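Q: The structure is given below, and queries will be raised subsequently.
The values are calculated or read from the model by the stated rules, or taken from the named source; none is laboratory data. No experiment lies behind these values; they were computed from the predicted model shown. Here the Cβ positions follow ideal geometry from the backbone for every residue, glycine too, while neighbour counts run over all protein chains shown. What goes into the accessible areas is simple: the full protein's heavy atoms, side chains included, and nothing from ligands, DNA or RNA. Shrake-Rupley method; radii C 1.70, N 1.55, O 1.52, S 1.80 Å.
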Amino acid sequence: MNSFFCPGRTELAGNHTDHQRGRVMAAAIDLGITAEAAPNGTGLVQVYSQGFAPVEISLDRLWPDEKEAGTSAALVRGMAGVLSQRTALQGFVAHVESQLPPGRGLASSAAFSVLMGYIMTFFSQDGPAAPEVLARAAQKAENRWFGKSCGLMDQMACALGGAVYMDLQENKFIPIACDPEALGLTLCLTDTGGSHAGAEDAYGQIGQDMSQVARSFGQTFLSQVHPADFEAQWPFHQEERSWRRARHFFDECQRVSEMADALGLQDGERYMELMNQSGRSSETLLENIQAEGLGSELSQGLDASARLLDGRGAWRVHGGGFAGCVQALMPTEEFPRYQASMDFLFGKGACQPVHISPRGVGVKARETAPQPSER
């Protein structure tokens, strides 16, 4: 069998901008999904994942199945459905193990999709597809087969590895240097324990609201609207939720560029200032912290972070929002105190440091046993 790996990702900037083809910044992390896989000589793809029901799909039946929506089978079938249009696929068996806990905003579904796509093409007649091809296929699989309306950020970050600045309207994907440890900073995520169950409508409404504003300018996506045209209309609509969310989009896209510049200059103070601006914009304009009928754990985590890090670090919602994780960045000497406080509130192990990794999807190097030293 061959060993394969795909990392999870952390969103650095660009909250809810990718589905409008805006600017985002994300990075692969040192945790991910591993698979042992080999051809099985059949037309079946068989996937066995710890904690999930076995998946078996036929390469002869790859159209979307509504009954599979939201399942691992939908992602596997979707990746095969998209990639089979590029190359001839063969069946294989894969045993999968994940280090990415669902609900922490580490893009477990994107990493799984990209990994499955890499394995499919690795065993195909044409060999492994390029990371960008896999990322776009994974987005289609999530949109059409899995039933999740998502942008391209997660898939691209998992496929490419490292930290990446993305302008999705201009189709630019630029690797950037991002090493918080070198700046004397610690990046971490706290799982506040809130459930995403029931949040699908709240997620979807954000995209619908932004698209509504784009259509008022005769466009499909906000990235197609000129900022000056939006500014001219903003004073007349600033009390409307859809326009406040569009305001967040334009401000956040500008922040992404400025945060990438701050990293390039190794200016941690400026980066944390902008990160806090991003967090406040998500809370007050995007309004993706709480929703009716959902818990308040995320809001509590952000409030606690404000008390602990005000004037010392930065904090923001991580990922889609309404539940899940708080991302925080602080001088390394502040981290033990912050971690202890967040673990006290949300349970031991809730707060964990995040390490950015240069690895994208690919064949996993096998570890070799240390050789006995010569005497």
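Q: Going by what's in this entry, would residue 336 be described as of a type outside the set (Lys, Arg), more than 15 Å from residue 189 (Cβ to Cβ) and either touching a residue at least 60 places away in the same chain (Cβ under 8 Å) or surrounded by 14 or more Cβ atoms within 10 Å (Cβ to Cβ) (or both)? Step through it out loud before you land on a result.
A: On the way: of a type outside the set (Lys, Arg): yes; more than 15 Å from residue 189 (Cβ to Cβ): yes; either touching a residue at least 60 places away in the same chain (Cβ under 8 Å) or surrounded by 14 or more Cβ atoms within 10 Å (Cβ to Cβ) (or both): no.
Considered against the rule, which asks whether it is of a type outside the set (Lys, Arg), more than 15 Å from residue 189 (Cβ to Cβ) and either touching a residue at least 60 places away in the same chain (Cβ under 8 Å) or surrounded by 14 or more Cβ atoms within 10 Å (Cβ to Cβ) (or both), residue 336 comes out as no.
Q: Please count how many residues of the range 76-129 are acidic (Asp, Glu) and not in a strand (DSSP E or B). Don't jump to the end; show me each part of the working.
A: Within the range 76-129, the first condition is being acidic (Asp, Glu), and the residues that meet it are 97, 126.
With the extra rule that they be not in a strand (DSSP E or B), the set shrinks to 126.
Of the residues in the range 76-129, 1 are acidic (Asp, Glu) and not in a strand (DSSP E or B).
Q: Is there a residue in the range 196-208 that is touching a residue at least 24 places away in the same chain (Cβ under 8 Å), open to solvent by 30 Å² or more (accessible area, probe 1.4 Å) and part of a strand (DSSP E or B)?
A: no
Q: Mind listing whichever residues of the range 141-187 are assigned to a helix (DSSP H, G or I), surrounded by fewer than 18 Cβ atoms within 10 Å (Cβ to Cβ) and touching a residue at least 60 places away in the same chain (Cβ under 8 Å)? Reasoning before the result, please.
A: Keep residues of the range 141-187 that are assigned to a helix (DSSP H, G or I), which gives 141-146, 153-160, 180-183.
Those still in the list that are surrounded by fewer than 18 Cβ atoms within 10 Å (Cβ to Cβ) too: 143-144, 181-182.
If the condition is that a residue be assigned to a helix (DSSP H, G or I), surrounded by fewer than 18 Cβ atoms within 10 Å (Cβ to Cβ) and touching a residue at least 60 places away in the same chain (Cβ under 8 Å), then 144, 181, 182 are the ones that fit.
Q: Could you tell me how many of the residues in the range 209-222 are touching a residue at least 40 places away in the same chain (Cβ under 8 Å) and assigned to a helix (DSSP H, G or I)?
A: Step one: of the range 209-222, the residues touching a residue at least 40 places away in the same chain (Cβ under 8 Å) are 210-211, 214, 221-222.
From what's left, assigned to a helix (DSSP H, G or I): 210-211, 214, 222.
Matching residues across the range 209-222 total 4.
Q: Residues in the range 234-285 that are open to solvent by 70 Å² or more (accessible area, probe 1.4 Å) and out of contact with any Leu (no Cβ under 8 Å at 6 or more places or on another chain): how many? Give the derivation first.
A: In the first step, residues of the range 234-285 are kept if they are open to solvent by 70 Å² or more (accessible area, probe 1.4 Å); the result is 235-236, 238-241, 254, 261, 265-266, 269-270, 273, 277, 280, 284.
Narrowing further to those that are out of contact with any Leu (no Cβ under 8 Å at 6 or more places or on another chain): 235-236, 238-241, 254, 261, 265, 269-270, 273, 277, 280, 284.
Residues that pass the stated criteria total 15.
Q: So, one more: Can you give me the number of residues within the range 294-323 that are over 23 Å from residue 271 (Cα atoms) and modelled with pLDDT under 95? Walk me through it before giving the result.
A: We begin by selecting, within the range 294-323, every residue over 23 Å from residue 271 (Cα atoms); these are 294-297, 300, 322-323.
Still in the running and modelled with pLDDT under 95: 294-297, 322-323.
Total satisfying the criteria: 6.
Q: Now for a separate question. Do we find that residue 121 is of a type in the set (Ser, Thr, Tyr), open to solvent by less than 10 Å² (accessible area, probe 1.4 Å) and closer than 20 Å to residue 155 by Cβ in this structure? Give the steps one after another, and end with the answer.
A: Values: of a type in the set (Ser, Thr, Tyr): yes; open to solvent by less than 10 Å² (accessible area, probe 1.4 Å): yes; closer than 20 Å to residue 155 by Cβ: yes.
It is true that residue 121 is of a type in the set (Ser, Thr, Tyr), open to solvent by less than 10 Å² (accessible area, probe 1.4 Å) and closer than 20 Å to residue 155 by Cβ.
Q: Filter the range 36-52 for residues that are touching a strand residue (DSSP E or B) at 6+ places or on another chain (Cβ under 7 Å) and of a type outside the set (Ser, Thr, Tyr) and give the result. Even if it seems obvious, please write down each step before you answer.
A: The first filter runs over the range 36-52 and keeps only residues touching a strand residue (DSSP E or B) at 6+ places or on another chain (Cβ under 7 Å), leaving 36-40, 43-50.
Correct list: 36, 37, 38, 39, 40, 43, 44, 45, 46, 47, 50.
Q: OK, next. What tally of residues in the range 255-269 results from selecting those that are without any contact (Cβ under 8 Å) to a residue 12 or more places away in the chain and either touching a Lys or Arg at 6+ places or on another chain (Cβ under 8 Å) or not aliphatic (A, V, I, L, M) (or both)?
A: From the range 255-269, those without any contact (Cβ under 8 Å) to a residue 12 or more places away in the chain are 261, 265, 267, 269; that's our starting set.
This time we only want the ones that are either touching a Lys or Arg at 6+ places or on another chain (Cβ under 8 Å) or not aliphatic (A, V, I, L, M) (or both), so: 261, 267, 269.
The qualifying residues number 3.
Q: Additional query: Restricting attention to the range 39-65, report how many residues are touching a Leu at 6+ places or on another chain (Cβ under 8 Å), over 18 Å from residue 147 (Cβ atoms) and open to solvent by less than 30 Å² (accessible area, probe 1.4 Å). Talk me through it step by step, then tell me what you get.
A: Here is the first cut: in the range 39-65, the residues touching a Leu at 6+ places or on another chain (Cβ under 8 Å) are 43-45, 56-59.
Of the ones still in play, those that are also over 18 Å from residue 147 (Cβ atoms) are 43-45, 56, 58-59.
From the residues that got through so far, the ones that are open to solvent by less than 30 Å² (accessible area, probe 1.4 Å) too are 45.
Going through the range 39-65 one residue at a time, the tally reaches 1.
Q: Let me ask another. When you scan the range 296-315, how many residues do you find that are surrounded by 24 or more Cβ atoms within 10 Å (Cβ to Cβ) and under 22 Å from residue 182 (Cβ atoms)?
A: Within the range 296-315, residues that are surrounded by 24 or more Cβ atoms within 10 Å (Cβ to Cβ) and under 22 Å from residue 182 (Cβ atoms) number 1.
Q: Here is a list of conditions, (1) charged (D, E, K, R); (2) free of Cβ contacts under 8 Å to residues at least 24 places away in the same chain; (3) surrounded by 14 or more Cβ atoms within 10 Å (Cβ to Cβ), and residue 68 meets all of them except one; can you say which number that is?
A: (2)
Q: Quick test for you: out of 28, 13, pick the one residue that is crowded, with 24+ Cβ neighbours inside 10 Å, in contact (Cβ under 8 Å) with a residue 60 or more places away in the chain and within 21 Å of residue 170 (Cβ to Cβ).
A: Values: 28 fails: within 21 Å of residue 170 (Cβ to Cβ).
Exactly one of 28, 13 is crowded, with 24+ Cβ neighbours inside 10 Å, in contact (Cβ under 8 Å) with a residue 60 or more places away in the chain and within 21 Å of residue 170 (Cβ to Cβ), namely 13.
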